[in-house]
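A short worksheet on the structure shown next.
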Amino acid sequence: MRLGVLCSGGDSPGMNAAIRGAVLRGVDVHGFEMVGFIDGWRGFVEGEAIPLDRPAVRGISPLGGVILGTSRVPPFESRAGTPAEWALFRERMARHGLDGFLLIGGNGTQTVSALIAGQGIPVIGLPKTIDNDLSATDYTFGFDTAVSIAAEAIDRLRTTGESHRRCMVLEVMGRDVGWIALHAGMAGGAQVTLIPEFPETIEHVAEWVASVRDRGRSSLVVVAEGFTLAGQDAPVTRGGVDGFGRARLGGIAEVLAPLIEERTGIETRATVLGHVQRGGSPTAFDRVLATRTGIAAADAALAGQWGTMAALRGDRIEMVPLAEAVNRLKTVPGERYAEVRLNFG
Ligand code: F6P
């Protein structure tokens, strides 16, 4: 069997470990041939690929980024693929001698995986995203690393904030869901955690910050980039769109900081953590999760479990239908938000 491996969407710490896991099991144990396409679908379309064998994946688990590169280039122009585009897709597969795909990606990518599976083309999804917003899996690799980096940023902002008696606002990623903010906020004891799922009013935010000051402390506010103030119809954007045509988010911390300062009289500073969250070496948890995901994907290919995704369920990796993963976003439930809200103010 010859499998094409590719990464699509934003990178996520652990992608290299996932490739290594798939190759160690797929090539060394099951005797597959594997090729990795460079920069996602671009490499598939333009025929740029490298052989994936044991030497190619030696020592890559601790490395950040991904050896293959990733992009948001789609495999075809139309949303769901026209008959002509699918014909070309199959022709390209034949040209590369492929029997199937292992697709490493988040929501957008696994939606494409589901479309491919819908055409009867063999594909298995490996879920990655720092946002942790894919359904059907408990955690996606990359999330733990992003949370650790965000929690460390909170710890650091807290000491400088306390020294100057300032309110510090930290913006983290999370375009549709607030998992990074939720976990980092809880780990770092943020006094306010603002996430897309639960809009809050600026009056409430200011009250919480003022009450922290009244107790003689300085506030740390963590906000997910996709958060909207109650009454605001859309998240703050930076202008422009990404490769999937989605608005580029960012800037809510800079919107909130002056509003907090104006209402409380407390000097307030905004920090946008940005891509620092996605860079660098993955945590041990992410390396282990990603490696096991790769191994499970190779086993699923051998077993012919196409149209599935390798999901973490408790401490087991289980193959679940792709449709289950992409049908809806995994949002933060009310009871989890209630837990961090206990620390507000
Ligand atoms: O989708 C993952 C994510 O980390 C989002 O939280 C964020 O909006 C986006 O990627 C930013 O990615 P880029 O700047 O690379 O397009």
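The values are calculated or read from the model by the stated rules, or taken from the named source; none is laboratory data. Here the structure is a predicted model, which is why all the values come from computation and not from measurement. Counting neighbours? That spans all protein chains shown, and the Cβs are built from the backbone with ideal geometry, glycine included. Ligands, DNA and RNA are stripped out before the accessible areas are found, and what is left, the full protein with its side chains, is counted by its heavy atoms. Shrake-Rupley method; radii C 1.70, N 1.55, O 1.52, S 1.80 Å.
Computed across the chain, the Kirkwood radius stands at 20.8 Å (inverse of mean 1/r, all Cα pairs). Rounded to the nearest Å, what's the spacing between the alpha carbon centres of the stretch 1-57 and the stretch 280-300? Just the number, please. Here the answer is 13 Å between Cα centres. Its DSSP H runs of at least 4 residues, each contributing -39,500 (n - 2.57), put the calculated 222 nm mean residue ellipticity of the chain at -12000 deg cm²/dmol, to the nearest 500. In degrees from 0 to 90, rounded to the nearest 10, what is the angle of the helix 143-164 Cα long axis to the longest principal axis of the chain? Result, in degrees: 20. Exposure check, 1.4 Å probe, all protein chains in place: HIS275 carries approximately 120 Å² of accessible surface. Amide hydrogen proximity for ILE60: with H placed 1.01 Å from N in the peptide plane, no residue at 5 or more positions away or on another chain lies under 5 Å. The charge dipole of the stretch 146-278, taken about the Cα centre with unit charges on the Cβ atoms of Lys, Arg (+1) and Asp, Glu (-1), comes to about 360 debye, rounded to the nearest 20.
Taken about its Cα centre, the stretch 10-119 carries a charge dipole of about 180 debye when Lys and Arg each add +1 at the Cβ and Asp and Glu each add -1 at the Cβ. Coupling constants for the stretch 257-267 follow from the phi torsions by the Karplus curve (6.51 cos²θ - 1.76 cosθ + 1.60, θ = phi - 60°), and in residue order they are 3, x, 5, 5, 4, 4, 7, 10, x, 8, 4 Hz; glycine and proline get x.
Toward the positive end of the charge dipole of the stretch 1-112, with +1 on the Cβ of Lys and Arg and -1 on the Cβ of Asp and Glu, the farthest Cα among VAL23, HIS96, LEU6 is that of VAL23. Per residue, the solvent-accessible area of the chain (1.4 Å probe, heavy atoms of protein chains only, all protein chains present) comes to 40 Å². For LEU194, the residues whose modelled amide H falls within less than 5 Å of its own, excluding neighbours fewer than 5 places apart on the same chain, are VAL222, VAL223, ALA224. Principal-axis analysis of the Cα atoms of the chain puts helix 179-188 at an angle of about 50° to the longest axis. Among the DSSP beta bridges whose two residues both lie in the stretch 146-278, what percent are antiparallel, rounded to the nearest 5? So the antiparallel bridges in the stretch 146-278 amount to around 10 percent. Across the accessible surface of the chain, with the other protein chains kept in place and a 1.4 Å probe, carbon and sulfur atoms take up 52 percent. The listed peptides 40-48, 330-338, ordered by packing as a protection proxy, come out as 40-48, 330-338 (highest mean of other Cβ atoms within 10 Å first). For the chain, with the dipole built from +1 on Lys and Arg beta-carbon atoms and -1 on Asp and Glu ones, taken about the Cα centre, which of ALA323, GLY40, VAL112 lies farthest toward the positive end? Most positive-ward Cα: GLY40. A simple rule links phi to the HN-Hα coupling: the Karplus curve 6.51 cos²θ - 1.76 cosθ + 1.60 with θ = phi - 60°, which for the stretch 50-64 gives 10, x, 10, 9, 4, x, 5, 10, 4, x, 8, 4, x, 7, x Hz, with x for Gly and Pro.
Can you give me the angle between helix 202-214 and the longest principal axis of the chain, using Cα atoms only, in degrees from 0 to 90, rounded to the nearest 10? The answer is roughly 60 degrees. Considering only ASP233, ASP28, ASP286, the mean-square fluctuation computed in a Gaussian network model of the chain, springs between alpha carbons under 10 angstrom, is largest for ASP233. The amide H of PHE101, built 1.01 Å from its N in the peptide plane, has GLY4, VAL123, ILE124 as neighbours under 5 Å, considering only residues 5 or more places off or on other chains.
Treat every Asp and Glu Cβ in the chain as -1 and every Lys and Arg Cβ as +1, leave all other atoms uncharged, and give the resulting dipole magnitude about the Cα centre to the nearest 20 debye. It comes to approximately 460 debye. Extending 7 Å from the Cα toward the beta-carbon at both LEU342 and ARG316 defines two label points whose distance is 3.1 nm. 3J(HN,Hα) couplings calculated from phi for the stretch 226-234 with the Karplus curve 6.51 cos²θ - 1.76 cosθ + 1.60 (θ = phi - 60°) are, in sequence order, x, 5, 10, 5, 3, x, 8, 7, 9 Hz; Gly and Pro show x.
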